[in-house]
1. Would you mind stating whether residue A:207 is more than 28 Å from the chain's Cα centre (by Cα), β-branched (Val, Ile, Thr), at pLDDT 95 or above and surrounded by 14 or more Cβ atoms within 10 Å (Cβ to Cβ)?
2. Which condition from (1) within 19 Å of the chain's Cα centre (by Cα); (2) within 12 Å of chain A (Cβ to nearest Cβ); (3) hydrophobic (A, V, I, L, M, F, W, C) is the one that residue B:128 breaks?
3. Check off (1) under 29 Å from residue A:30 (Cα atoms); (2) in contact with a Leu (Cβ under 7 Å, 6 or more places away or on another chain) for residue B:86 and give me the number that stays unchecked.
4. What do you reckon, is residue A:66 at pLDDT below 95 and within 14 Å of chain B (Cβ to nearest Cβ)?
5. Could you identify the single residue in A:136, A:166 that is assigned to a helix (DSSP H, G or I), over 30 Å from residue A:192 (Cβ atoms) and at pLDDT below 95?
6. For a quick check of your reading of the model, give me the residue pairs whose first member lies in the stretch B:74-92 and is more than 7 Å from chain A (Cβ to nearest Cβ), whose second is surrounded by fewer than 19 Cβ atoms within 10 Å (Cβ to Cβ) and among the acidic types (Asp, Glu), with beta-carbon atoms closer than 7 Å and at least 6 apart or on different chains.
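The values are calculated or read from the model by the stated rules, or taken from the named source; none is laboratory data. What you see is a predicted model, and the numbers here were worked out from it, not measured in a lab. All Cβ positions, glycine included, derive from the backbone under ideal geometry; neighbour counts span all protein chains shown.
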Amino acid sequence: MANSTKRKKILIFSGIGVVLVILTLVAVLKKREPVITVQTELVARHSLTNIVIANGKIQPVVQVTISPEVSGEIIELPVKEGQQVNKGDLLVKINPDIYTAAVNQANAGYESSLAAKAQSAANLIKAAADFKRNKDLFEGRLISESDFIGFKAAYEVAKAQLDSADDQANVAKAAVDSAKEQLSRTTIVSPLGGTISKLNSQAGERVLGTVQNAGTIIMIISDLNLMEARVDVGEMDVVGIKPGQTARLEVDAFKDRKFAGVVTDVASSSKDSNLTGAGSSGGGGQSQEATKFQVRIRLNDKEAFRPGMSVSADIETEYRTNVLTVPLASVTTRPPKPHKNADSPKTGGTNTAAARLGTNAVVSSSVATNREALEDKKSKDSSKMADVVFAREGDHVNAVPVKIGICDDNYWEITDGVTNGQEIVSGGYRAISRDLADGKKIRKGPPASETAKKD
Amino acid sequence: MDLPPPIPESEPSTAAPRPPATSVAARMLNVFATPGAVFDEVKTARASVANWLVPIVVYGLVTAVASVLILSQPVFVQKMRDQQEKVFEAQVKAGKMTREQADKAMETVEKFSGPIAKVGGAIGGFSMGFVAVFWWAFLMWLIGRSILKARLDFMKVVEVAGLASLISALESLIRMLLVFGLNNPLASPSLGLLMKDPDPKDSLFALLSVVNIMTFWVLVVRSIGLARLAGVPLGRTVVWLLGAWAIQTSLLIALSAVAQKAYGG
């Protein structure tokens with residue numbers, strides 16, 4: 001009995017021992033490597049268009065502000081907002097009474113000056129005759145020299161008075177012309193054909209007019225046949241925008257349509273840069289808004305656009321035809337691989353350090369100087385992240401440094417690093433941005449979202 | 001002819017308890033091979049804390065170490081993260097979570113998947129030993145008192161349950177070795193091994209995992225212990241303990257399914 005119990009114990013413990021040993025061997029010898037589920041795509045050729053997106057408003061290309069040059073009450077306003085007008089049509093009539101009176105007054109002054117001039121001319125004739133007669137008498141020594149001088153002076157005075165009267169007449173004439181000009185300005189006609197896009201004043205209102213300044217803005221006339229989008233572009237994107245580039249525009253009022261346009265003008269200075277003293281003296285560069293530049297895009301299509309409509313523009317700045325591309329999600333950044341031939345000054349790295357500095361500078365005999373420069377460059381290199389994609393090699397990936405060009409909504413242009421048809425990792429996001437590294441094991445599978453949907 | 005007096009059922013022994021004939025270590029080893037003899041000794045010997053405390057500590061330690069070792073392997077941490085990501089994706093699809101909330105939750109999971117997870121695994125594993133032993137001791141005592149009509153000393157039942165928990169400790173060890181050997185954090189000595197790529201949410205996998213050889217082994221040992229303490233045939237205790245285990249397992253599976261439906265999309 002004791003023997004059978006002993007045999008039973010030996011059997012059971014041996015069995016447990018064998019199982020544990022086998023399992024332990026398998027566990028120790030088995031390679032454990034995290035396998036990351038990814039999705040892949042092939043590097044392919046596509047044509048890309050780099051697009052800059054900007055928002056703004058639709059405005060007419062030609063827009064004229066009508067304001068008077070003379071002040072007064074509006075007595076006639078035969079137009080209304082939205083009305084089409086032709087060039088020369090009557091727009092506004094201002095009360096001319098005061099200006100008519102001024103013309104009459106000027107005319108009277110002119111007539112008076114003409115009369116004075118005639119009087120002066122008559123005086124001159126008499127003075128000339130007196131001078132001639134007395135000259136003959138003086139030459140015959142029949143009158144004294146002082147008397148002769150008197151008649152001569154009178155003649156000269158008469159001549160001068162006539163000149164003065166003539167000038168006075170001219171001044172009076174100019175006053176008449178000026179008064180007439182002011183009177184003519186009480187009638188305002190349209191300088192162009194267009195639509196009255198805004199009417200600020202009504203008949204009976206008093207308006208202020210000056211020659212030097214704008215005065216009261218009575219109305220705005222716009223040529224609605226020629227419209228443009230004025231959009232704001234950030235400073236990072238504006239460098240790539242040039243007149244002549246095409247754009248696709250989406251107007252909020254016409255949701256399901258896209259319009260074609262052409263860039264006609266790019267502002268030379270930003271929208272805030274004309275504020276002299278407002279920003280600089282007060283805040284001193286503390287503006288919170290991004291710097292924007294205005295770009296004008298002429299709309300090629302005709303539609304019932306109205307000034308002020310909101311618009312979003314996709315400006316095509318660069319094109320690439322049939323270039324190597326990878327999906328946008330494929331490109332990520334990783335620290336660059338350390339240089340294998342990294343040297344230290346101790347191992348005679350003076351020449352190598354100079355080569356790495358990439359200059360033909362004379363290598364200083366001072367090791368400390370080279371070491372400083374080398375360490376400075378190393379720290380700059382390590383802080384820069386390199387653009388990489390992960391190329392599939394069997395069940396592993398290799399981090400391939402790439403040079404990227406332009407991009408559109410879906411693809412990056414790759415100018416160096418990959419070949420056509422190469423299989424690269426295109427998803428999942430976490431795998432590419434964090435988990436994947438050179439040599440990591442992968443397997444192809446659906447994205448987590450698809451798996452979750454299936455579950 | 002006078003009939004012999006009826007033998008009272010499950011009467012506690014009136015003999016004075018004797019000191020145990022074997023050491024704790026011997027009892028811990030012998031429970032694997034000759035559990036009946038071990039429990040007979042436990043029944044007649046005086047109460048011994050070592051009979052249940054030492055096995056519980058061993059069980060807790062083995063489970064804790066296994067948890068820490070598994071959570072130290074990047075491959076398993078990765079698989080658990082992938083699984084959690086799928087859960088969050090399902091919630092986003094079902095509209096119970098926004099994308100931002102899911103991303104933030106994933107960040108929290110990754111933050112806690114390092115040392116904090118290992119500490120939690122160790123504490124949880126160790127605590128589970130105590131909880132499991134006392135829970136099964138309670139069940140066994142309840143079955144013994146209410147169904148088998150035996151007057152059982154609760155601490156004696158705890159000693160039996162404690163010694164039986166050594167088989168659960170062996171299961172933890174085997175489970176850990178299977179996880180490492182098969183590179184599968186869900187591996188166990190059950191029919192679930194037949195599935196190549198098991199999904200914890202798969203009901204078939206859940207059912208196959210229930211058919212665990214080590215679970216049945218420990219149930220049989222507990223049944224032997226209860227039968228010896230109560231003085232009843234083994235068959236009765238096996239039936240009742242198996243029934244209790246089946247009800248417990250069904251409840252746990254049902255709770256898990258409800259929780260999945262409520263939170264897992």
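1. Details: more than 28 Å from the chain's Cα centre (by Cα): yes; β-branched (Val, Ile, Thr): yes; at pLDDT 95 or above: no; surrounded by 14 or more Cβ atoms within 10 Å (Cβ to Cβ): yes.
Spelling it out, it is not the case that residue A:207 is more than 28 Å from the chain's Cα centre (by Cα), β-branched (Val, Ile, Thr), at pLDDT 95 or above and surrounded by 14 or more Cβ atoms within 10 Å (Cβ to Cβ).
2. Of the numbered conditions (1) within 19 Å of the chain's Cα centre (by Cα); (2) within 12 Å of chain A (Cβ to nearest Cβ); (3) hydrophobic (A, V, I, L, M, F, W, C), the odd one out for residue B:128 is (2).
3. Result: residue B:86 fails condition (2) only.
4. Working: at pLDDT below 95: yes; within 14 Å of chain B (Cβ to nearest Cβ): no.
So residue A:66 does not fit the description; no.
5. On the way: A:166 fails: at pLDDT below 95.
Result: A:136 is the single residue among A:136, A:166 that is assigned to a helix (DSSP H, G or I), over 30 Å from residue A:192 (Cβ atoms) and at pLDDT below 95.
6. Partner pairs satisfying both residue conditions: B:81/B:110.
Okay, residues lined up against (1) in contact with a Gly (Cβ under 9 Å, 6 or more places away or on another chain); (2) among the hydrophobic types (A, V, I, L, M, F, W, C); (3) surrounded by 13 or more Cβ atoms within 10 Å (Cβ to Cβ); (4) on the phi > 0 side of the Ramachandran plot:
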site: A:20; (1), (2), (3), (4): no, yes, yes, no
site: A:27; (1), (2), (3), (4): yes, yes, yes, no
site: A:33; (1), (2), (3), (4): no, no, yes, no
site: A:38; (1), (2), (3), (4): yes, yes, yes, no
site: A:41; (1), (2), (3), (4): yes, no, yes, no
site: A:44; (1), (2), (3), (4): yes, yes, yes, no
site: A:63; (1), (2), (3), (4): yes, no, yes, no
site: A:80; (1), (2), (3), (4): no, no, no, no
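Conditions tested, residue by residue: (1) within 14 Å of chain A (Cβ to nearest Cβ); (2) buried (at least 20 other Cβ atoms within 10 Å of the Cβ); (3) not hydrophobic (A, V, I, L, M, F, W, C).
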site	(1), (2), (3)
B:145	no, no, yes
B:156	no, yes, yes
B:167	yes, yes, no
B:191	no, no, no
B:200	yes, no, yes
B:208	no, no, no
B:214	yes, no, no
B:227	no, yes, no
